[in-house]
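A quick write-up on the structure given underneath.
The numbers here are math on the coordinates, done by the rules we state, and not lab data. Owing to the predicted nature of the structure, the values given are computational and were not obtained by experimental measurement. Glycine gets a Cβ as well: all are built from the backbone with ideal geometry, and neighbour counts include every protein chain shown.
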């Protein structure tokens, strides 16, 4: 004779069977993992998706507050040579140009004056960028350059001492030129030949982690004190709070 199951026990068995069929202990972890992956994919896609650059700043706009290597500068947009660099905020590099001796940003629309192309030798060029970790100029003058310099240094009536680099060195064809009385105040590395002039001089300044390289024709050294004064004025304009 068959034994009838108690109604209560039969209902309990049905509930257990439904739970076994509908419950998967791995479902929750898998769902969480899927959500995390989806969020990661969306973030990567947003980061890498090409976007239009910011609209360029007008050339006649006020000075832009920029930061290079955490060092603040105020730069006139018209002085910035590369349009993509004409924006406020943090940058890795700025390429600048100024008319000499006025130190006014050039008008990029003017390419020819009275039928003659604009003379690049009438401009002071500057690059401000994140330092690559090289030794500051003052230390290079004291520790590195002497091994490459010749012995025939000359001091002129203008108060500048010229020390030529030896042939066969990394600085062949260049001279180290400095103020004879204060070499740490004015020092430049100048080539002896240029494309359109007697050579090009490079001066360096270091402000925090920002490295500033200034480039100008060697012939300007005939009035090197004015060059030094102009560069100081430009630095003060870039950093008025200093």
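If packing is taken as the average number of other Cβ atoms within 10 Å across a peptide's residues, how do 101-107, 229-235 rank, most packed first?
Details: 101-107: 13.7, 229-235: 15.4.
Highest mean packing first, the order is 229-235, 101-107.
Enter the per residue convex hull volume of region 154-242, computed from alpha-carbon coordinates, in Å³ rounded to the nearest integer. The partial results should precede the final answer.
On the way: hull volume 10.4 nm³, N = 89.
Spelled out: Cα convex hull of region 154-242, divided by residues, is 117 Å³.
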Label point 7 Å beyond Cα of residue 233 along Cβ direction - residues of region 88-106 with amide nitrogen under 12 Å
99-105
What value in Å³ per residue do you get for the convex hull of the alpha-carbon atoms in region 64-238?
130 Å³
Please compute the modelled spin-label separation between residue 213 and residue 142, points set 7 Å along Cα→Cβ, answer in nm with one decimal.
2.4 nm
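So between residue 241 and residue 205, what do we pick up on full extension, going 0.36 nm a residue minus the alpha carbon distance? Each step should come with its number before you reach the end.
On the way: separation 36, 0.36 × 36 = 12.96 nm, distance 1.73 nm.
This chain segment gains 11.2 nm when fully extended.
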